[in-house]
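One structure is given below, encoded as C-alpha cells.
Every read-out reported here was derived from the displayed coordinates using simple, explicitly stated rules and does not represent laboratory data. Every value quoted in this text rests on a predicted model; they were computed, and no experiment measured them. Cβ: placed from backbone, ideal geometry, glycine included. Neighbour counts: every protein chain shown.
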Amino acid sequence: MTITTLTWPDIFIDASALDIQTLSANWPKTLTGKVRPLGCSAFGDLYFERENGHIEHLDVLEGGIHTIAPNMNDFRAMMNSPEWQEVNLLTEGICLLKEKGIERGADQFYGFAPHPAFVGSINWASAIALDANVWHSICAQILDNTA
C-alpha cells in the first residue's frame with residue numbers, strides 16, 4: 001500500500017495565487033467588513049485576518065464565518081498541527097481523493113456534487129475538481145443567506 005504524502009499546496013492555497021476579490025464577491029451577505037485574505041483550503045474555505053487581528057474562515061460546506069484564532073501566531077501554530085489540519089483542512093480526505101486519481105489544478109478546489117448541504121454530509125465518492133469561482137458560486141447560492 002502506498003502512503004500518500006501531501007505538500008503544502010495540496011492542502012492550502014495562498015491568497016496571492018487566487019482571485020480573492022472575485023471569490024469574496026459571491027458572499028455579499030456573509031463576508032462583510034474589511035479583511036486581509038490569507039488563502040483557502042483545498043475545498044475552498046476562505047481564511048482571512050480581521051482588523052482586530054483575529055483569524056476567521058468562511059466555511060463553504062456548512063456556511064457562516066467562524067473565528068479560528070485570536071492572532072496570526074496562534075493561527076500559524078494551528079496550521080502546523082497535523083491534528084488541526086485533519087479536522088479543519090480535511091487532509092485525510094485529500095489523501096483519499098489523490099489515491100483515487102482525483103487531482104485539482106492550481107485554480108481549482110475540490111467540490112462535491114451534490115453539495116453536502118443537500119445530503120447532510122460529505123460524500124467522498126461525489127468529489128470533483130471545480131474552478132475556484134464556480135465552486136464558490138455554487139456554495140454561496142446555497143449558503144450565503146445562512147450567516
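Which net charge results for the neighbourhood of Ile65, defined as the other residues with beta-carbon distances under 13 angstrom from its beta-carbon, given Lys and Arg at +1 and Asp and Glu at -1?
Summing Lys and Arg as +1 and Asp and Glu as -1 gives -4.
Ratio of alpha-carbon Rg to the 2.2 N^0.38 Å globular estimate for the range 8-143, to two decimals, please.
Cα Rg divided by the expected 2.2 N^0.38 Å: 0.99.
May I ask for the equivalent-ellipsoid semi-axes of the range 22-95, computed as the square root of five times each C-alpha gyration tensor eigenvalue and listed largest first in whole Å?
Sorted largest first and rounded, they come to 20, 16, 9 Å.
Name the longest site-free stretch of the chain, where the excluded sites are GluC sites (Glu not before Pro) in a DSSP loop with no more than 16 other beta-carbon atoms within 10 Å.
That gives 1-50 as the longest site-free run.
Output the peptides 119-126, 20-27 sorted from most to least packed, where packing is the average of other Cβ atoms within 10 Å over each peptide's residues.
With the highest mean Cβ count within 10 Å placed first, the list reads 20-27, 119-126.
Show me 75-81, 136-142 ranked by packing, highest mean number of other Cβ atoms within 10 Å first.
136-142, 75-81
Any idea what the dipole of the chain comes to, in debye rounded to 20, about its Cα centre with Lys/Arg Cβ at +1 and Asp/Glu Cβ at -1?
Charge dipole, the chain, about its Cα centre: 160 debye, nearest 20.
Determine the calculated [θ] at 222 nm for the chain from helices alone, applying -39500 (n - 2.57) to every DSSP H run no shorter than 4 residues and normalising by the residue count; nearest 500 deg cm²/dmol.
The helix-only estimate for the chain comes to -9000 deg cm²/dmol at 222 nm.
List the relative contact order of the chain as a percent without decimals, with contacts defined as Cα pairs under 8 Å and 6+ residues apart.
Relative contact order of the chain: 25 percent.
Using label points projected 7 Å from each Cα along Cα→Cβ, tell me how many nm separate Asn145 and Trp124, to one decimal.
Output for this residue pair reads 3.5 nm.
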